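Beneath this line is the structure, given in structure tokens, with notes to follow.
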Amino acid sequence: MSAPQLAFSRSEFAKRIEKTRKAMEDREVEVLIVSDPSNMAWLTGYDGWSFYVHQCVIVGPDGDPVWFGRDQDRNGAKRTCFMSEDDMIGYPDHYVQSDVRHPMDFLAARLEERGWDKTRIGVEMDNYWYTAQAHASLQQHLPNAAFVNANSLVNWQRAVKSDQELLYMQRAARIVERMHQRIFEKVEPGIRKCDLVADIYDASLRFDDDLGFGGDYPAIVPLLPSGIDASAPHLTWSDEPLRLGEGTFFEIAGVYRRYHCPLSRTVFLGKPTETFLNAEKAVLEGMEAGLEMARAGNLCEDVANAFYGVLKKYGITKDNRTGYPIGLSYPPDWGERTMSLRPGDKSVLEENMTFHFMTGLWMEDWGFEITESIVIKEGGPECLANVPRKLFVKG
């Protein structure tokens, strides 16, 4: 088989593994089992839609990481991972979705063969892809190991982006700009939401000769609730038409090589109500206050407190966080699940951290979103995308 197509240099993977091992040492973890597909990709390059079955990457005390997954996916590892085939373990298909055996039974035997059965093993306990049955199997078959919670250990190492990662996010930003342009071109009273989503996907994926690249699939599908449905932040779409006199927010992301740039804008069809005009004024003023605080050396809560302070002046209460880290992601979430832009989070902002500044408002019978994806810098943030920051009006 020909050489794998790597999205990053081997030296960058080496730096990531070194950072991870330092974090493991700090938490007294000797062997780390990583089930989060975003963490698997960040450590090894592995990229495939195989996370519906059990898979993981194992980081031992030394050497390259080990990829573990369904045997039919091993060729995918050969095509996307930097390691040698000796560090790629496939389990037989009769372990898949079986009631009498579990893939972690097979993994436990392989860990024992490598002499890792009596170590302190870190696992991602609060993770979508690491199940209770997976944990029970490992505990049963590795009785001499000590299991410790290493949740988010790798996620935290991903917080500061490399130049190559930022390049991919900048490309994702060009894609999301094209997506919002397409939305405003197509949106009008009577267009069915499913048809509009088809155009959104077309704009998000199609190769662009001017850009020189095409897009990837998002970790979250387009969210575009209208009217009272927009009071809920995570509704998707239907085949119903858009109506005059309603506002719709579009929360979408451009994606390149699994790196995301989320961006939300709100469109009102017809003459905007005072409610929407007031929301626009409050959110834009609050965003400026928050962006002023989004600089290296400040805290996550500094951004949130500045934004919430402006909302309070307008009599608006936002009782949820106003942002989170972004970057490399797989479904069902494009966040990195570490920091939050909210009061009480005293995480220090560092240069080249990346966040979705999520200033959305979801009220009793309406919703409104204007957001930015930002890169933390010393003198102030860089907004990745360039889409007019305003309420869009049409119809």
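The values are calculated or read from the model by the stated rules, or taken from the named source; none is laboratory data. A quick note: this is a predicted structure, and the numbers were derived from the prediction, not measured. Backbone-built Cβ (ideal geometry, glycine too); neighbour counts: all protein chains shown. Keep in mind that these areas ignore ligands, DNA and RNA; they rest on the heavy atoms of the full protein, side chains included. Shrake-Rupley method; radii C 1.70, N 1.55, O 1.52, S 1.80 Å.
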Reported set for the stretch 183-203 where residues are part of a helix (DSSP H, G or I) and either within 23 Å of the chain's Cα centre (by Cα) or within 13 Å of Glu240 (Cα to Cα) (or both) is Ile183, Lys193, Cys194, Asp195, Leu196, Val197, Ala198, Asp199, Ile200, Tyr201, Asp202, Ala203
Given Glu251, Glu350, Glu274, which one is surrounded by fewer than 19 Cβ atoms within 10 Å (Cβ to Cβ) and within 19 Å of Phe392 (Cβ to Cβ)? Glu274
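Among the residues of the stretch 221-243, are any among the basic types (Lys, Arg) and buried (at least 16 other Cβ atoms within 10 Å of the Cβ)?
No: the stretch 221-243 contains no residue that is among the basic types (Lys, Arg) and buried (at least 16 other Cβ atoms within 10 Å of the Cβ).
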Select from the stretch 185-210 the residues that are touching a residue at least 40 places away in the same chain (Cβ under 8 Å) and open to solvent by less than 70 Å² (accessible area, probe 1.4 Å) and list them in ascending order. Val187, Pro189, Gly190, Ile191, Lys193, Cys194, Leu196, Val197, Ile200, Ser204
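Would you mention how many residues in the stretch 225-257 are part of a loop (DSSP other than H, G, I, E, B) and either more than 21 Å from Phe357 (Cα to Cα) or in contact with a helix residue (DSSP H, G or I) (Cβ under 6 Å, 6 or more places away or on another chain) (or both)?
Restricting attention to the stretch 225-257, the residues satisfying the condition of being part of a loop (DSSP other than H, G, I, E, B) are 225, 232-240, 242-246, 257.
Of the ones still in play, those that are also either more than 21 Å from Phe357 (Cα to Cα) or in contact with a helix residue (DSSP H, G or I) (Cβ under 6 Å, 6 or more places away or on another chain) (or both) are 235, 237-240, 242-246, 257.
Selection size over the stretch 225-257: 11.
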What pairs can you find where one residue is in the stretch 378-394 and within 20 Å of Lys281 (Cβ to Cβ) and open to solvent by 40 Å² or more (accessible area, probe 1.4 Å), the other is among the charged types (D, E, K, R) and assigned to a strand (DSSP E or B), and their Cβ atoms are less than 7 Å apart, with a gap of 6+ or different chains? Cys383/Glu372
Of all residues in the stretch 321-345, how many are farther than 20 Å from Leu361 by Cα, open to solvent by 10 Å² or more (accessible area, probe 1.4 Å) and among the charged types (D, E, K, R)? 2
Can you work out which of the residues in the stretch 356-371 that are more than 14 Å from Glu280 (Cα to Cα) and of a type in the set (D, E, K, R) is surrounded by the most Cβ atoms within 10 Å (Cβ to Cβ)? Asp365
Mind telling me which of the residues Tyr91, Tyr52 ends up being open to solvent by 70 Å² or more (accessible area, probe 1.4 Å) and at pLDDT 95 or above? Tyr52
Only residues that are in contact with a helix residue (DSSP H, G or I) (Cβ under 6 Å, 6 or more places away or on another chain) and open to solvent by less than 30 Å² (accessible area, probe 1.4 Å): list them for the stretch 115-141, please. Asp117, Ala134, Ser137, Leu138
